[in-house]
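Since the structure comes first, as structure tokens, the remarks are kept for the end.
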Amino acid sequence: MSLRYLSEVDSTNSWLIRNVAQLEDGDAVYTDNQTAGRGRKGRVWENLPGGMLCLSMLIRRPLADPATLPLLSSLAADDAVSALCGRPGEIKWPNDLLLGGKKICGILCESLQAGDSACYITGIGINLSQPADFFVQRGIPHGGSIFSVTGVRSTLDDAAQALYTALNRRIAAFAEGGFAAIAAEYRAACVNLGREVWTDTLRGVAAAVDDAGRLVVRTETGETAVFTGEVTVRGIY
Ligand code: BT5
């Protein structure tokens, strides 16, 4: 298990995928200069050299519930943000982390086959020090950094250490118990509950996050549990 700094890399997730054969469970890399950061579904994760933490960790142990690794990751990112600026974030189900209503963190989890076994990567970007106009210029006015929201400056190494510690602290219980092992803390940090939400196919009120990590949406016709990443929450940004 090791945490390694890279001065520049296309994507920390891609670096782990390329080097998986030489890596062990818990190995992680981080940078503050990611030149081709990836979001979900081919979207771009915007980079400002020196302004953000990009960290990816390889998980080679079996996971009871790999589909909820993004939810676990958002809780670990929240731990790190709280440690860095003294203020907890707000998790927007399933895995966006907001601070003061701004998206300060993005998470991309991937799975791959290494030899006979499946392994997983959690890749986490935390905006540390970009000014507010960085987000406006890049067309992401709902984005923010710890600095732009709270005025607190954190160093890259402190942020990487805080996130790596949080991931390691949480991963054992999660690997064995799945989402149920972290459900209570996740629910306490989740801001969707009680709010109006909609997906492509339904509209209602977020009533709960169940023990499988699904968002339970109450509609006029009853309750439906959804496990799709694309949920819009009214009035959250
Ligand atoms: C994400 O995708 O939010 C996942 C981002 C994961 C980045 C990490 S960094 C370490 C690791 N290595 C990688 O290559 N990736 C991971 P998604 O939910 O699809 O959101 C993408 C959207 O977020 C974009 O379309 C923008 O609207 C917005 N966005 C892009 N860059 C941003 C930034 N720096 N801060 C806030 N929002 C951003």
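Does G139 fit the bill of being over 26 Å from W15 (Cα atoms), away from the ligand (no atom under 12 Å from the Cβ) and modelled with pLDDT of 95 or more?
Taking the combined requirement at face value, the residue does not satisfy it.
Across the range 150-185, what is the number of residues that are open to solvent by less than 40 Å² (accessible area, probe 1.4 Å) and either among the aliphatic types (A, V, I, L, M) or not assigned by TED's automatic domain parsing to the domain that holds T31 (or both)?
11
When residues of the range 142-164 are filtered for being hydroxyl-bearing (S, T, Y), away from the ligand (no atom under 11 Å from the Cβ) and in contact (Cβ under 8 Å) with a residue 40 or more places away in the chain, how many remain?
Matching residues across the range 142-164 total 3.
Output the residue which, of all residues in the range 20-35 that are within 14 Å of the ligand (Cβ to nearest atom) and without any contact (Cβ under 8 Å) to a residue 40 or more places away in the chain, is surrounded by the most Cβ atoms within 10 Å (Cβ to Cβ).
In the first step, residues of the range 20-35 are kept if they are within 14 Å of the ligand (Cβ to nearest atom); the result is 28-35.
Narrowing further to those that are without any contact (Cβ under 8 Å) to a residue 40 or more places away in the chain: 29, 31, 33, 35.
Numbers: V29: 23, T31: 26, N33: 17, T35: 11.
Selected residue: T31.
Would you mention how many residues in the range 86-131 are out of contact with any Cys (no Cβ under 9 Å at 6 or more places or on another chain), more than 19 Å from A188 (Cα to Cα) and either part of a helix (DSSP H, G or I) or within 12 Å of the ligand (Cβ to nearest atom) (or both)?
Adding up the residues that qualify gives 8.
Condition check: within 28 Å of Q137 (Cβ to Cβ), within 15 Å of the ligand (Cβ to nearest atom) and without any contact (Cβ under 8 Å) to a residue 12 or more places away in the chain. Does V44 satisfy that? Outline the logic, then answer.
Working: within 28 Å of Q137 (Cβ to Cβ): yes; within 15 Å of the ligand (Cβ to nearest atom): yes; without any contact (Cβ under 8 Å) to a residue 12 or more places away in the chain: yes.
So V44 passes the test.
Is it true that P66 is in the same structural domain as L16 (by TED's automatic domain parsing) and within 15 Å of the ligand (Cβ to nearest atom)?
On the way: in the same structural domain as L16 (by TED's automatic domain parsing): yes; within 15 Å of the ligand (Cβ to nearest atom): no.
Judged against the criteria, P66 is not a match.
Go through the range 83-114 and report how many residues are without any contact (Cβ under 8 Å) to a residue 24 or more places away in the chain and open to solvent by 40 Å² or more (accessible area, probe 1.4 Å).
The qualifying residues number 1.
Just checking, how many residues over the range 36-68 are surrounded by 24 or more Cβ atoms within 10 Å (Cβ to Cβ) and in a helix (DSSP H, G or I)?
Adding up the residues that qualify gives 1.
What about T12, is it more than 15 Å from the ligand (Cβ to nearest atom) and buried (at least 20 other Cβ atoms within 10 Å of the Cβ)? Walk me through how you get there before you give the answer.
Values: more than 15 Å from the ligand (Cβ to nearest atom): no; buried (at least 20 other Cβ atoms within 10 Å of the Cβ): yes.
It is false that T12 is more than 15 Å from the ligand (Cβ to nearest atom) and buried (at least 20 other Cβ atoms within 10 Å of the Cβ).
Any chance you could count how many residues in the range 79-101 are within 13 Å of R170 (Cβ to Cβ) and touching a Leu at 6+ places or on another chain (Cβ under 6 Å)?
1
The values are calculated or read from the model by the stated rules, or taken from the named source; none is laboratory data. Remember, predicted model here, so these are calculated numbers, not experimental data. Methodologically, a virtual Cβ is constructed for each residue, glycine included, from the backbone with ideal geometry; neighbour enumeration extends over all protein chains shown. Quick note on the areas: whole protein, heavy atoms, side chains included, nothing else; ligands and nucleic acids left out. Shrake-Rupley method; radii C 1.70, N 1.55, O 1.52, S 1.80 Å.
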